[in-house]
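**Q** Encoded as structure tokens, here's the structure I'll be asking about.
The values are calculated or read from the model by the stated rules, or taken from the named source; none is laboratory data. The structure presented is a predicted model; accordingly, all values stated were derived computationally and were not measured. In this analysis, Cβ positions are derived from the backbone assuming ideal geometry, glycine residues included, and neighbour counts consider all displayed protein chains. For accessibility, only protein heavy atoms count, side chains too; no ligands or nucleic acids. Shrake-Rupley method; radii C 1.70, N 1.55, O 1.52, S 1.80 Å.
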Amino acid sequence: MTSPVVLRIRTAVAWFSRTRFFRRVGPHVMPPLERGMAWLTRGRVQMSGLLVPSLVLHTVGARSGQQRDATLMYVPEPGGTMLVTGSNFAAAGHPAWSGNLLAHPDAAVSVRGRRIPVRAALVPDDEREATWRYIERQWPGYRGYETSSGRTLRMFRLTPR
């Protein structure tokens, strides 16, 4: 259960994260800040994880075959599955990590420094509305990224293997 204070802070941060300013600056500022936090904490803490559940997604590049890592917000589900959404700061294109999961659905995540193998599956079309409602209980207004981007965001359910 999330405290009312944390929910109020998340609501304010969610609002800020949907501003044009953040969408323009965030892609340049957030990755180095996340790398710095990972270095300081030896991978145990993600900066974004201070307010919302966050993980590091470990994928294999769809074209390169190289190991790729992305720090993402996630929404835990009952039973241990995790939801991630390819918002890409509301950019017009899908994030590279989502293409990697489509090509190589067997991946891994690191949560609080613990590595967990997962299998990724796109959320089926008939579950999208219910999934959006569930995600927005965790991160109010998040679906605004889909509207702003002008594309249907890829939503994945990550199931521990």
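**Q** For region 98-120, give me each residue that is at pLDDT 95 or above and open to solvent by less than 20 Å² (accessible area, probe 1.4 Å).
**A** The answer is Ser98, Asn100, Leu101, Ala107, Ala108, Val109, Val118, Ala120.
**Q** Test Thr159 against the criterion of being modelled with pLDDT of 95 or more and among the polar types (S, T, N, Q), and give yes or no.
**A** Considered against the rule, which asks whether it is modelled with pLDDT of 95 or more and among the polar types (S, T, N, Q), Thr159 comes out as yes.
**Q** Among the numbered criteria (1) among the hydrophobic types (A, V, I, L, M, F, W, C); (2) open to solvent by less than 20 Å² (accessible area, probe 1.4 Å); (3) closer than 25 Å to Met30 by Cα, which single criterion is violated by Val123?
**A** Tallying (1) among the hydrophobic types (A, V, I, L, M, F, W, C); (2) open to solvent by less than 20 Å² (accessible area, probe 1.4 Å); (3) closer than 25 Å to Met30 by Cα, Val123 fails exactly one: (3).
**Q** Determine whether region 35-57 contains at least one residue that is within 23 Å of Arg157 (Cα to Cα), within 14 Å of the chain's Cα centre (by Cα) and modelled with pLDDT of 95 or more.
**A** Looking for residues that are within 23 Å of Arg157 (Cα to Cα), within 14 Å of the chain's Cα centre (by Cα) and modelled with pLDDT of 95 or more, one finds at least one in region 35-57, hence yes.
**Q** Between residues in region 70-97 that are surrounded by fewer than 21 Cβ atoms within 10 Å (Cβ to Cβ) and residues that are at pLDDT 95 or above and polar (S, T, N, Q), which pairs lie under 6 Å by C-beta distance while being six or more apart or on different chains?
**A** Matching pairs, first to second residue: Thr81/Thr159.
**Q** Sticking with this one: Residue under question is Arg143, and the condition is that it be without any contact (Cβ under 8 Å) to a residue 12 or more places away in the chain, touching a helix residue (DSSP H, G or I) at 6+ places or on another chain (Cβ under 6 Å) and open to solvent by 50 Å² or more (accessible area, probe 1.4 Å); does it hold? Quick ask: steps written out before the conclusion?
**A** Working: without any contact (Cβ under 8 Å) to a residue 12 or more places away in the chain: yes; touching a helix residue (DSSP H, G or I) at 6+ places or on another chain (Cβ under 6 Å): yes; open to solvent by 50 Å² or more (accessible area, probe 1.4 Å): yes.
It is true that Arg143 is without any contact (Cβ under 8 Å) to a residue 12 or more places away in the chain, touching a helix residue (DSSP H, G or I) at 6+ places or on another chain (Cβ under 6 Å) and open to solvent by 50 Å² or more (accessible area, probe 1.4 Å).
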